[in-house]
Amino acid sequence: MTLSGSLLTRIAVLVVVVVFFQIGVVSEVPVFGVAVDLSPLMVAFVGLLCGSTIGAATGFAVGLLVDLALVQTLGLTSLIFTLVGYWCGRLRELRDPQAALTPLLVGGLATAAALVGYSLMEFMLGVDAPVSLELLRQIVLGVVVNTIVAVPMWILVRRSLIGSLPPDPRRRRRRAYTTGGLSPLSKA
Amino acid sequence: MYDKTVRRRRAVLALLVVLSLILLTAYFGESADGGLHSVQRGFLTVVSPIQEGANKALKPVRDLFGWFGDTLHAKSQLAEVRKQNDILRKEAIAERAGQHGYHELLALYHLDQLSLNSYHPVTATVVGKSPNIWYSTVLIDKGTSSGVRKNDPVINEEGLVGKVAQAASDGAIVDLITDSEVGVSARINGTNATGVVQPKVGDPNDLVLGYLPGGTSVSRGENIVTSGTVEPPDYSLYPPGIAIGQVSSVDEESAFKSVNVHPLADLHNLNIVQVLTYTQGSKAASLTSLQGSLPSARQTATSGGEDSQLASTGTGE
């Protein structure tokens, strides 16, 4: 998918608004003892809508913004979100899932990948924290809570970008067949 | 055409991954005064006013969500708090009598202790928080222009919150006491038993008071306060007597007795905090300066790879 100026602007605005909303509001309202993290959901859904290249680039930008704004280890969140965005983009390019539960599944998996990836990286960088039940509980709760908010986040990201997304020929073909308009069977 | 698309896709991914790794390596390799850290501080300076404005605008939304959680939490705690209130009232009456004699003795011996009066508290609003379970940090709207320096203690009305990790001109990042970078020298209130309060391993919401002497008698519900001394790995000076938390359980199995501590400050719901800054020439300033010049502390910290942190302990930012 090519990146038009309009799509780039929309993604940039979405990234800035969501990251600052996350840091200023969402992080301060714990649900079941954990904070909802909208950032991996946004990266995953941009990848799912726009493809692997844009997904990876968005992941890198979101990670960099988060690390800069929160004075965290620079490059760590970028690395994880780049891979999450790329993976979600590849899912779209290879499978193009259309099921209604896709955002739930992708949101949950993207969050799990981000949290586990983050934990692994922190262990490798020398943080003194062995795997404990409490840590696993935090990760599982984080995934559950993010899965719950995945659908509204999907709607938000989709509505924000849909106007600038180029038409997808595969989807047009599929819609045509379901209505029977261009099906060879309708000629009979 | 297809090959070109595939090659470009892979090249972009490789480029972004390599860029991330370069950033990661460079950030780890440099000191706290290095280029990337300076960029972060510069970004913090730019972002803080925006974040402050957004925080004020979105406060009603946050309060609405927070109200539900607070109500449920308050109801579950009501019975326990009432019981604690009865105990504390009895203790306060008993201690009031002893307090009078203590002040007389203090005046008699001209003892000048480091206390909260030696500091100049700067009230700040929390305008941002990390969602990550690996980082217990918050962003506040006061920085070096208000006298905030690196390693200044941060408190709220409930007790110790953390310390300043990075300070820009109009904002600062505060490491909470549950952050793995923080360790506070503490004692059990009313005793001389001291240890170090650190985050509980694998549990980002709880603390452990470790390195207590073996024979220390401690029971559930006792208060843990700052001892007013510096200890590794943190080497930050917190004034004595600031409440940190309450003992939730005791681990008798380890060689050094360790005590699980639940923080008194509600670290999930911070809104207003106070940064304890000091003025030049005050008791706190001279003690902080003395602490920064201690050779033993400097040696240990440098060998532990925390030279940058110690270097700024004595002089602030």
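Can you give me the distance in nm between label points at A:ILE162 and B:ARG8, each placed 7 Å from the Cα along the Cα-to-Cβ direction?
Reported label-point gap for A:ILE162 and B:ARG8 is 2.7 nm.
Rounded if a/c is under 1.5, else prolate if a/b is larger than b/c, else oblate: which is the stretch A:78-120, with a ≥ b ≥ c the root eigenvalues of its Cα gyration tensor?
Cα axes put the stretch A:78-120 in the oblate bin.
Take peptide A:82-88, look around each residue's Cβ out to 10 angstrom, count Cβ atoms belonging to other protein chains, and average those counts.
3
For the stretch A:1-146, what class follows from the C-alpha gyration tensor (a ≥ b ≥ c being the square roots of its eigenvalues): rounded when a/c is under 1.5, otherwise prolate if a/b is larger than b/c, else oblate?
It comes out prolate by the Cα gyration axes.
Work out, step by step, the length gained on full extension between A:SER4 and A:VAL144: first 0.36 nm times the residue separation, then minus their alpha carbon distance; give nm to one decimal.
46.9 nm
From the protein chains alone at 1.4 Å, what is the descending order of accessible area for B:LYS150, B:LYS163, largest first?
B:LYS150, B:LYS163
Would you tell me the mean number of C-beta atoms belonging to other protein chains that fall within 10 Å of each C-beta in B:51-58, as a whole number?
3
Using a Förster radius of 22 Å, what is the FRET efficiency between B:ARG220 and B:SER76 based on their Cβ-Cβ separation? Nearest 0.05, please.
E between B:ARG220 and B:SER76, to the nearest 0.05, is 0.75.
Using a 1.4 Å probe, how large is the accessible area of B:HIS73, given in Å² and rounded to the nearest 10?
100
In square angstrom, rounded to the nearest 10, how much accessible surface does B:ILE140 have for a 1.4 Å probe?
Solvent-accessible area, nearest 10 Å²: 0 Å².
Could you quote the convex hull projected area for the stretch B:155-223, Cα atoms only and averaged over all directions, in nm²?
Projected over every direction and averaged, the Cα hull of the stretch B:155-223 covers 5.9 nm².
If eta is 1.002 mPa s and T is 20 °C, what Stokes-Einstein diffusion coefficient results for the stretch A:59-100, Kirkwood Rh from Cα pairs, in µm²/s?
Answer from the Stokes-Einstein relation: 194 µm²/s.
Would you list B:ARG89, B:ARG8 from the most to the least accessible area, probe 1.4 Å?
Ranked from most to least accessible, the order is B:ARG8, B:ARG89.
Using a 1.4 Å probe and ignoring any ligands, DNA or RNA, find the accessible area of A:THR102 and quote it in Å² to the nearest 10.
20
Got a sec? What order do B:GLU80, B:GLU158 fall in by accessible area at 1.4 Å, biggest, i.e. largest, first?
In descending accessible area the options line up as B:GLU80, B:GLU158.
Give the average, rounded to an integer, of partner chain Cβ atoms located within 10 angstrom of each Cβ in A:29-39.
What the average comes to for A:29-39 is 4.
Going down the list B:LYS59/B:LYS150; B:LYS56/B:LYS150; B:LYS163/B:LYS257; B:LYS129/B:LYS257; B:LYS83/B:LYS163; B:LYS142/B:LYS163, which pairs span over 22 Å between their C-alpha atoms?
B:LYS59/B:LYS150; B:LYS56/B:LYS150; B:LYS163/B:LYS257; B:LYS129/B:LYS257; B:LYS83/B:LYS163
The values are calculated or read from the model by the stated rules, or taken from the named source; none is laboratory data. Note that the structure is predicted; figures quoted are calculated from it, not measured. Backbone-built Cβ (ideal geometry, glycine too); neighbour counts: all protein chains shown. Surface areas here come from the heavy atoms of the whole protein model, side chains and all, with no ligands, DNA or RNA. Shrake-Rupley method; radii C 1.70, N 1.55, O 1.52, S 1.80 Å.
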